[in-house]
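*Asks:* Before we start, here is the structure in question, set down as structure tokens.
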Amino acid sequence: MGHPAYKGPGAWWGLRGYRMNAPRHPVGRVPPPGVNTALSSGALARCLLGLAMLALALGTVPSVNGIMAGGETALPADSPSNRLDPLGAASPFNAVGALAINSSGFNYRGSGVALSPNWVLTAGHNLDFNDDGQPDAGLAISFNLPGWGAYSAASFHIHPDFTGFGNPSIQHDLGLLYFAAPLPTGLFFPALSCELQLGDEVVLVGFGRSGYGSYGYTTAASLTDRRVGRNVVDEFTSDDRGGSLAAVFHYDFDAPDTAGQAGGSLGNDVESLIAPGDSGGPLLVGQGAGYALAGINTFTEGYGGRFGDFGGGIVLSPHLDWISGVTGLLIPEPSGVCLLAAGLLFAFTRKKTFL
Ligand SMILES: [Ca+2]
Ligand SMILES: [Ca+2]
């Protein structure tokens, strides 16, 4: 169920008290599994790319389901494999890649989204494992795009107001990766000029762990398994440096028996929560035939991916100037135009799934 709407700057602390027993986790710091399947590519991917481009042109972007699956025995039936995006290079989410991160000799997994041929946006904490708010010395990251390949980042940039995760704040948790050699042609970069609103139905994309809302994680994070899910924005926390700008978004992982209720589940095979390894992945809203980037997923609160846990991340619109300043990308002023388009898109595509 949705928790109470955000009522002002003081509500954040009440919220923290309410969740005092629910540990907050960055969702990028997971060791890799022992074996990583090689990325696939080739004729099938090119064929699927053509189909996806046709689908985009016709306004029929496939609707797909979540990262954490629903209840194991609830209906509609669901599973982690049901939440996979199998389209590889042809996916409308083909700009969302997995991060293979090495810092101080340890390997981690995360997610990120390409903004342009040379820039990828992710969570700041994916670049900062000693929590000092700065990219770690000797950091090495490859960006893995299913159906395309792996690409090595040349340099790293963390938002200047990021303190290190929870050290003391989780806000401004954004990082940029620069690629000296361009990423492949054909990526569907998300639009950046969208203002996130309470109640928005959002799409979550990432390469993190999956499992069942009934009892938690059952799969590892990977460089190949991109999953896509949905939820509804329940609440914002305002900027902890002052002002009223929405800085952090929150949503809850509703159990299937709340489907149809106000603030309840979007359906057992739709409602989702992010999980370890999804950190840095995008929070998207529909915009026309594509998607706009409205936030970056950075944390969960709760008990290991179960119903009743919370997810959240960084609202992007206050940071577009920073992104533009670092990358040189020209970004239009945010507008609410995408929201109407989102409603139309979701109404049009709700019955379609990848599988
Ligand atoms: Ca650091
Ligand atoms: Ca929810």
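*Asks:* Using each residue's phi in region 77-92, evaluate 6.51 cos²θ - 1.76 cosθ + 1.60 at θ = phi - 60° and report the 3J(HN,Hα) Karplus result to the nearest Hz, with x for Gly and Pro.
*Replies:* Here the 3J(HN,Hα) series is 4, 8, 6, x, 5, 5, 9, 6, 9, x, 8, x, 5, 8, 5, x Hz.
*Asks:* Which of the chymotrypsin sites (Phe, Trp or Tyr not before Pro) found in region 222-318 are in a DSSP loop and have at most 15 neighbouring Cβ atoms, other than their own, within 10 Å? List each step's numbers first, then the result.
*Replies:* Working: sites: F236, F249, Y251, F253, Y291, F299, Y303, F307, F310; in loops: F253, Y303, F307.
Passing sites in region 222-318 are Y303.
*Asks:* What order do you get for 174-181, 94-101 when each peptide is scored by the mean count of other beta carbon atoms within 10 Å, highest first? Working shown, then result.
*Replies:* On the way: 174-181: 19.5, 94-101: 26.9.
Going from most to least packed, we get 94-101, 174-181.
*Asks:* Still on this structure: Rg and Dmax of region 244-341 over Cα atoms: what are they, in angstrom?
*Replies:* Reported Rg and Dmax, both Å: 15.3, 47.
*Asks:* A further question on this structure: Amide H of L283 versus every other amide H placed in the peptide plane: which residues, excluding those fewer than 5 positions away on the same chain, fall under 5 Å?
*Replies:* Hits under the 5 Å cutoff: A294, G295, I296, N297.
Every number here is computed from the coordinates shown, using simple stated rules; none is lab data. Model, not experiment: these values are computed from the prediction. Reconstructed Cβ throughout: ideal geometry from the backbone, glycine too, with neighbour counts over all protein chains shown.
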